[in-house]
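J.: Please read through the structure below; I'll follow up with questions.
The values are calculated or read from the model by the stated rules, or taken from the named source; none is laboratory data. Just so you know, these numbers come straight off a predicted model, no measurement behind them. In this analysis, Cβ positions are derived from the backbone assuming ideal geometry, glycine residues included, and neighbour counts consider all displayed protein chains.
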Amino acid sequence: MRSLRCAVLVMIAWLGGFAAARAADLNVYTIWPENYARPMFQEFEKQTGIKVNFLRFSSGEALARVIAEKNNPRIDVLFGGPVETFAAGIKEGIFEPYKSPSFAKLAARFKQADGQWMAIADDPLVFMTNGAFLKANNLKPPASWDDLLDPAYKNGLQMADARTSGTAVTRIFSVLEVFGRDEDKAFAYLKRLRQNVQVYTKSGGGGTLPTGLGQAAGGIFFIVDALETKAKGYDVVVSFPKEGIGTSAEAIALIKGAKNREAGKKLIDFATSPAMQAKFAEYKVNFVPAHPDVKTDPALAEVLKGARIFPIDDEYAGANRRRIVDRWVKEVLPAQ
Amino acid sequence: MARARSPSWRGIAGDPALLGAVAAIWCLLLLFVLFPLAHLLERAFVDEGRPTLAPLLDSLADPGHRAAFVNSLILAASVGVLGTAVGFLFALAAVRAGLGRRWLTVLDAAVLLPLVSPPFTTSISIIFSFGPRGLISHHLLGLTGVSAYGFWSTAIAETLTYFPIAYLTLRPILAAIDPNLEEMAFSLGGSRWRTFRTVTLPLCVPGFANAFLLLFAASLADFATPLILAGNAFPVLPTQAYLQITGLFDFKGGAVLSLLLLVPAVMVFLLQRHWVGRRTYVTVTGKVGQRSRSQAIAPWMQVVLVAACVAVATIIVYFYALLLVASLVAAFGADYSFTWRHYAVIFTEGLPAIRDTLIIAALGMPLGGLYGVLVGYLIARRDFPGRRAMELVAMINYALPGTIVGIAYLIAFNDPPIALTGGALLIVACYVFRYSPTGIRATVALLQQIDRSIEEASASLGAASGETFRRVTLPLIAPAFFAGLGVVFIRSMTAISATIFLVSISWTLITVRILENMTEMALGPAAAFSVFVIVVVFVVVAGLSAVLARLRTPTAGAAARSFLGG
């Protein structure tokens, strides 16, 4: 009977959500999938003794939550995710500027001038196609944006929806760059590409498994997701367009009003430095390091060899994002 | 005040138990339904302190949103009709086809499968089976160029997911129809068809209306299925609202879109009340004679009925067999070597989610069951001011899409004075107020069949209203109580759309983990989690029905037992 009463008391304390015992811990929303983020947080705990409590959300969901929690923040750090998510966050005033010791060393495109966010990795887009599909249709892996317009791909491509996914926004800005920022030409291309799209998925990696299974012929994904699919044993081919394709910085930021500010800064110090980025190769996380002192994993470098990759100008993207996504929703989405 | 008192005011003032119950329910509804809704309305219609209709007009001007509105109605009506039909088929087979107990258990188990798993598991199985390289469409039938996206796959997935609600609503009603009534119709010379048409079917009308309403609302609010299956050619409102909020960070637009959903939900609700409310369906009169074995359905018809049910059940079992396979192979579709690895993952890294989910479900279950029966009893049996308003308000969280309930809770309860986010209490409250309407409707439907004279007899013998409720009404509506209890537990284990916004660092849920696993291509752990959820719910439901069988609740024992799957 006494043990029962004890159990009830423990449960009540638990229910209140008292986290007093965890005062020294750090609370984080990660936009990186858990299988990428978990080993990094474990390394961080090993080095600093600070335990990271984390939850994973896709970028839109994570941002919506942080905005809703603005007056009473529940987390200290927003970890990972394409830089355009962080650009949207700046407008909502949810970040506290912080410059880690690595700040000076990072290239200009890997940091926000005031330290609102800093990059922890670089993530290029790739074309990924199903090997069996290519063989059956006697096709070479697509090596140009125009190759994706081949009628053989009709109703066969899966890629992300620009309303939810940073992957999709990076993709659309890649197309804009390819067409020299001529919006009308770029949208004419996107509308033609629409004819071959089977479905636009919620998350950036949503189409990778269908492509691996042959349910989709292929799509445009971040390299980290594409190589993960390949590593799982699915028959997929990674290729790059000769006109070039965009890459997006993956960022980290301190939340304004964070309850564990100092611990949060330590995580940002760790994530922006070689201490973490040198571990990418070890855990087979195929991000390109953002810190100039860390070498890219040789296997990953081999995949990237000869590929033409350009950064998305985040100032241009930030200024036009909303308008471009709206136009995409109004013109491209229904154009079938 | 005093001279304005209507009889119902006097009634409630002279009955402290009733007054207390009504006041308590209203407090809870105010806090967990109206308060967040008010926050949401403020978000949608107040701009910098001034009321504005601009966001609403913007939404209505967008042809994409108008199409989504129409699509939502078409989908919800289709799922309502299809699901009620399939549910009735199963209920009829279970009650009138003369199946043995063991067969009934098998049938119940197959029916419960879709109810006890996260909705998008059906969607994933459909994509695997019917895509361009689908197991059925391509490998079995050799078709090419099939699309798994669009209206039909969404409607079928939702029907398969939600028809058990119709089954659970209709079965106790069919079971409560005294076969002697049908017997009498026979002996008066009616044919089987005529008896079915003029006796059995009309008695099921409140059940049909309730089942349709519940399915219509469930489909209207479901976002997980269309998110995966509707594709881009068939947008529906909940998905659009979700995309508006999480993708375009447009809280206003999202709030407006989801508030549009309230309009059809409220209309169907009022229609159903108007239609069912005018007739009486009393079959339990306290004078039930010896039950005779039902002859209502011809033997050949029984065979057809059972065959149809077995066909549907086979499809369901196939979908879930696929899930089991995916949880036990290294990489579904690429590497079919056997492994326990995915289960090892969920019981190590996934253990906190499992623990949290079980605690939350165990807490929500009794609260939800009690709340459902109490509200159902109050609105069906007692006369007090604001009764209709209570009925309507209690349905709101069920009718709203989960995304918007989640966001509303997040906004309303994040800041003082009532800061509840981050704790388990809010998740439990969300489940109780979102999923108890099943219990409420089941209670109402059951009470409409029970003659008031039974309770009046108790009252005239001097029992207080609380005692009458406890000793007379409660045993009679026990099946509804256990239906409500079961649904809240099941939903606590499987729902995602609202609670995805309420999980926190300290409290997370299995379903959220499943969705995350799916998005990071970890199909194995996702499938393993799903299998685990199904097993747990089956064990709990079987345990509940065993307890119930031992209790031998007077009139309701048999019905309640079968309710929970033998």
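J.: Can you confirm whether the stretch A:24-38 contains a residue that is modelled with pLDDT under 80 and out of contact with any Phe, Trp or Tyr (no Cβ under 7 Å at 6 or more places or on another chain)?
T.: Yes: one or more hits.
J.: For B:A495, work out the one condition from (1) within 28 Å of B:R341 (Cα to Cα); (2) touching a Lys or Arg at 6+ places or on another chain (Cβ under 7 Å) it doesn't fulfil.
T.: Here B:A495 meets the rest and fails (2).
J.: In addition: Of everything in the stretch B:241-253, what is more than 9 Å from chain A (Cβ to nearest Cβ) and either of a type in the set (V, I, T) or in contact (Cβ under 8 Å) with a residue 40 or more places away in the chain (or both)? Give them in sequence order.
T.: Those that are more than 9 Å from chain A (Cβ to nearest Cβ) and either of a type in the set (V, I, T) or in contact (Cβ under 8 Å) with a residue 40 or more places away in the chain (or both): B:A241, B:K252, B:G253.
J.: Moving on. Does A:D147 qualify as being more than 9 Å from chain B (Cβ to nearest Cβ), over 29 Å from A:A87 (Cβ atoms), touching a residue at least 12 places away in the same chain (Cβ under 8 Å) and of a type in the set (D, E)?
T.: yes
J.: On to the next question. Checking the conditions here, which among B:R388, B:R355 is more than 14 Å from chain A (Cβ to nearest Cβ) and either modelled with pLDDT of 90 or more or surrounded by fewer than 21 Cβ atoms within 10 Å (Cβ to Cβ) (or both)?
T.: Answer to the selection: B:R388.
J.: Go through (1) more than 22 Å from A:I220 (Cα to Cα); (2) among the acidic types (D, E); (3) touching a residue at least 24 places away in the same chain (Cβ under 8 Å); (4) surrounded by fewer than 16 Cβ atoms within 10 Å (Cβ to Cβ) one by one and return the number of the condition A:E331 breaks.
T.: Result: A:E331 fails condition (1) only.
J.: Taking A:L267 and the conditions (1) at pLDDT 95 or above; (2) under 23 Å from A:E177 (Cβ atoms); (3) surrounded by 22 or more Cβ atoms within 10 Å (Cβ to Cβ), which numbered condition does it fall short on, given that it satisfies the others?
T.: Condition not satisfied by A:L267: (2).
J.: Filter the stretch B:329-350 down to the residues that are within 14 Å of chain A (Cβ to nearest Cβ) and part of a helix (DSSP H, G or I), then identify the one that is farthest from B:V393 (Cα to Cα).
T.: This residue is B:R341.
J.: Which numbered condition trips up B:H138, out of (1) assigned to a helix (DSSP H, G or I); (2) within 14 Å of chain A (Cβ to nearest Cβ); (3) within 26 Å of B:S219 (Cα to Cα)?
T.: Only one criterion is unmet by B:H138, namely (3).
J.: Quick one: which residue in B:G386, B:G439, B:G406 is within 21 Å of B:P366 (Cα to Cα) and not hydroxyl-bearing (S, T, Y)?
T.: B:G439
J.: Taking the stretch A:207-250 as the search range and keeping residues that are within 14 Å of chain B (Cβ to nearest Cβ) and of a type in the set (D, E, K, R), which one is surrounded by the most Cβ atoms within 10 Å (Cβ to Cβ)?
T.: That would be A:D225.
J.: Check whether at least one residue in the stretch A:179-192 is more than 30 Å from A:N53 (Cα to Cα), surrounded by fewer than 20 Cβ atoms within 10 Å (Cβ to Cβ), within 14 Å of another protein chain (Cβ to nearest Cβ) and not acidic (D, E), and report yes or no.
T.: Scanning the stretch A:179-192 turns up at least one residue that is more than 30 Å from A:N53 (Cα to Cα), surrounded by fewer than 20 Cβ atoms within 10 Å (Cβ to Cβ), within 14 Å of another protein chain (Cβ to nearest Cβ) and not acidic (D, E).
J.: Further, regarding this structure: Would you mind stating whether B:A480 is crowded, with 22+ Cβ neighbours inside 10 Å, modelled with pLDDT under 80 and among the hydrophobic types (A, V, I, L, M, F, W, C)?
T.: yes
J.: List the number of the failed condition for A:G204; all other conditions in (1) touching a residue at least 40 places away in the same chain (Cβ under 8 Å); (2) surrounded by fewer than 17 Cβ atoms within 10 Å (Cβ to Cβ); (3) not assigned by TED's automatic domain parsing to the domain that holds A:A278 hold.
T.: Looking at each condition in turn, A:G204 falls short on (2).
J.: Within the stretch B:169-191, does at least one residue satisfy the condition of being more than 20 Å from the chain's Cα centre (by Cα), without any contact (Cβ under 8 Å) to a residue 60 or more places away in the chain, more than 21 Å from B:R441 (Cβ to Cβ) and buried (at least 19 other Cβ atoms within 10 Å of the Cβ)?
T.: Yes: the stretch B:169-191 contains one or more residues that are more than 20 Å from the chain's Cα centre (by Cα), without any contact (Cβ under 8 Å) to a residue 60 or more places away in the chain, more than 21 Å from B:R441 (Cβ to Cβ) and buried (at least 19 other Cβ atoms within 10 Å of the Cβ).
J.: Right, another one. Inside the stretch A:74-93, can you point out the residues that are within 10 Å of chain B (Cβ to nearest Cβ) and either in a helix (DSSP H, G or I) or surrounded by fewer than 17 Cβ atoms within 10 Å (Cβ to Cβ) (or both)?
T.: A:T85, A:A88, A:G89, A:K91, A:E92
J.: For B:W26, only one of the following conditions fails: (1) touching a helix residue (DSSP H, G or I) at 6+ places or on another chain (Cβ under 8 Å); (2) at pLDDT below 80. What is its number?
T.: (2)
J.: Now for a different question. Take the residues in the stretch A:58-70 that are in contact (Cβ under 8 Å) with a residue 24 or more places away in the chain and part of a loop (DSSP other than H, G, I, E, B); name whichever of them is surrounded by the most Cβ atoms within 10 Å (Cβ to Cβ).
T.: Looking at residues that are in contact (Cβ under 8 Å) with a residue 24 or more places away in the chain and part of a loop (DSSP other than H, G, I, E, B), I get A:S58.
J.: Here's another thing I want to ask about it. For B:D222, are the conditions met, namely being more than 14 Å from chain A (Cβ to nearest Cβ), among the charged types (D, E, K, R) and under 21 Å from B:N397 (Cβ atoms)?
T.: The answer is yes for B:D222.
J.: Of everything in the stretch A:148-167, what is surrounded by fewer than 24 Cβ atoms within 10 Å (Cβ to Cβ), part of a helix (DSSP H, G or I) and out of contact with any helix residue (DSSP H, G or I) (no Cβ under 7 Å at 6 or more places or on another chain)? Give them in sequence order.
T.: The answer is A:P151, A:A152.
J.: Just checking, does the stretch B:100-119 include any residue being in contact (Cβ under 8 Å) with a residue 24 or more places away in the chain, more than 12 Å from chain A (Cβ to nearest Cβ), among the β-branched types (V, I, T) and touching a Pro at 6+ places or on another chain (Cβ under 6 Å)?
T.: yes
J.: State whether the residues of the stretch A:111-127 include one that is within 14 Å of chain B (Cβ to nearest Cβ), within 18 Å of A:F79 (Cβ to Cβ), surrounded by 24 or more Cβ atoms within 10 Å (Cβ to Cβ) and under 18 Å from the mean Cα position of the chain (by Cα).
T.: Within the stretch A:111-127 (the criterion being within 14 Å of chain B (Cβ to nearest Cβ), within 18 Å of A:F79 (Cβ to Cβ), surrounded by 24 or more Cβ atoms within 10 Å (Cβ to Cβ) and under 18 Å from the mean Cα position of the chain (by Cα)), the answer is no, since none of the residues qualifies.
J.: Here is a further query. Identify, please: which residue in the stretch B:303-329 is over 30 Å from B:I505 (Cα atoms), of a type in the set (G, A, S) and in contact (Cβ under 8 Å) with a residue 12 or more places away in the chain and is, among those, surrounded by the fewest Cβ atoms within 10 Å (Cβ to Cβ)?
T.: Only one residue fits best here, namely B:A308.
J.: Residues that are within 14 Å of another protein chain (Cβ to nearest Cβ): which helices (runs of 4 or more DSSP H) entirely in the stretch B:391-449 hold 1 or more of them?
T.: Where helices (runs of 4 or more DSSP H) fall fully within the stretch B:391-449 and carry at least 1 residues being within 14 Å of another protein chain (Cβ to nearest Cβ), they are B:402-413, B:424-435.
J.: On the basis of being more than 10 Å from chain B (Cβ to nearest Cβ), part of a strand (DSSP E or B), among the hydrophobic types (A, V, I, L, M, F, W, C) and buried (at least 18 other Cβ atoms within 10 Å of the Cβ), does A:L55 make the cut?
T.: No, not satisfied.
J.: Exactly one of (1) within 14 Å of another protein chain (Cβ to nearest Cβ); (2) assigned to a helix (DSSP H, G or I) is unmet by B:I379. Its number?
T.: (1)
J.: Give the residues of the stretch A:129-147 that are within 15 Å of A:Q198 (Cβ to Cβ) and either within 23 Å of the chain's Cα centre (by Cα) or surrounded by 24 or more Cβ atoms within 10 Å (Cβ to Cβ) (or both), sorted by residue number.
T.: Answer for the stretch A:129-147, where residues must be within 15 Å of A:Q198 (Cβ to Cβ) and either within 23 Å of the chain's Cα centre (by Cα) or surrounded by 24 or more Cβ atoms within 10 Å (Cβ to Cβ) (or both): A:T129, A:N130.
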